[in-house]
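Some notes on the structure that comes next.
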Amino acid sequence: MIRGKFVVACAILAFAGTVDAELNQDQAERAVETRQSVLHLMGWNMAPLGAMARDRIEFDAARVETNAARLSALSQMMADAFAADTRANDVTTEALDVIWEQPDDFAAKIQNTIDAGNGLVSAAATGDEGAMREAIGALGSSCGSCHDDFRLDD
Ligand code: HEC
């Protein structure tokens, strides 16, 4: 964990002063691994909430509250996790080039998910199941809205 943070910090520092410099292969692979890890954890925390919203599993307000807090924290890592531009590297990724071609649009999508995550945290704090279900739907839509434009279709 410490080592991972150190490596990421170094990658960011190495990148900071030289905006146009390409990442070497090792840096690019670590950058992809880092952002996919953040998204993987977002998917892991979102999956049970989506299943609750669709009545596939029993609604569990305590779990909603826990996962909402995690999703709020994780979504705030997205901007940093995508800072490294890997367009020029030979990496296996579903991230489309348009992420770095239209950074303002991408940042707006991130902000939507941060806001929706915070909305779910607030809804969970009220204990109102209907409000939580609605907020889960809004959060899920914010994920899909970014995937539509910025992630390779499956
Ligand atoms: C701002 C854009 C954006 C938002 C918002 C976003 N994603 Fe993604 N997501 C991506 C991109 C781009 C990838 C592909 C990353 C790659 O392959 O390098 C991705 C990949 C993923 C993956 C696959 C990760 C892996 O293991 O490779 C999952 C799961 C995922 N997203 C879930 C979510 C969930 C759940 C949310 C909302 C809570 C969300 N995403 C919000 C852009 C976004």
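The values are calculated or read from the model by the stated rules, or taken from the named source; none is laboratory data. This structure is a prediction, so every number in the text was calculated from the model and none was measured. Cβ coordinates were reconstructed from backbone atoms using ideal geometry, including for glycine residues, and neighbour counts include every protein chain displayed. Areas reflect the complete protein model, heavy atoms only, side chains present, ligands, DNA and RNA absent. Shrake-Rupley method; radii C 1.70, N 1.55, O 1.52, S 1.80 Å.
Just to confirm the number: angle between the C-alpha axis of helix 2-16 and the first principal axis of the chain, 0 to 90 degrees, nearest 10? Helix 2-16 sits roughly 60 degrees off the main axis of the chain.
Highest mobility in the GNM of the chain, judged by mean-square fluctuation with C-alpha springs under 10 Å and restricted to Ala28, Ala47, Ala95, is found for Ala47. Of the residues Val98, Val121, Val64, the one that moves most in a GNM of the chain with alpha-carbon contacts below 10 Å is Val98.
Give the ranking of Thr34, Thr126 by solvent-accessible surface, highest area first, calculated with a 1.4 Å probe. Could the numbers behind the result be given before it?
On the way: Thr34 45, Thr126 95 Å².
Accessible-area ranking of Thr34, Thr126, largest first: Thr126, Thr34.
Per the Debye formula on identical point scatterers at the alpha carbon atoms of segment 2-150, with no solvent, log10 I(q)/I(0) at q = 0.09, 0.10, 0.14, 0.20 Å⁻¹ is -0.32, -0.39, -0.71, -1.16. For segment 2-150, the share of accessible area belonging to carbon and sulfur comes to 53 percent (1.4 Å probe, ligands and nucleic acids excluded). Using a probe radius of 1.4 Å on heavy atoms only, what accessible surface per residue do you get for segment 27-87? Whole Å² is fine. Averaged over the residues of segment 27-87, the accessible area is 54 Å².
Between the beta carbons of Val91 and Ala47, assuming R0 = 30 Å, the FRET efficiency works out to 0.75 to the nearest 0.05. Based on Cα contacts under 8 Å between residues 6+ apart, segment 2-150 shows a relative contact order of 28 percent. For segment 41-53, backbone phi angles converted through the Karplus equation (6.51, -1.76, 1.60; θ = phi - 60°) give residue-by-residue couplings of 5, 5, x, 5, 7, 7, 3, x, 5, x, 5, 5, 4 Hz, Gly and Pro being listed as x.
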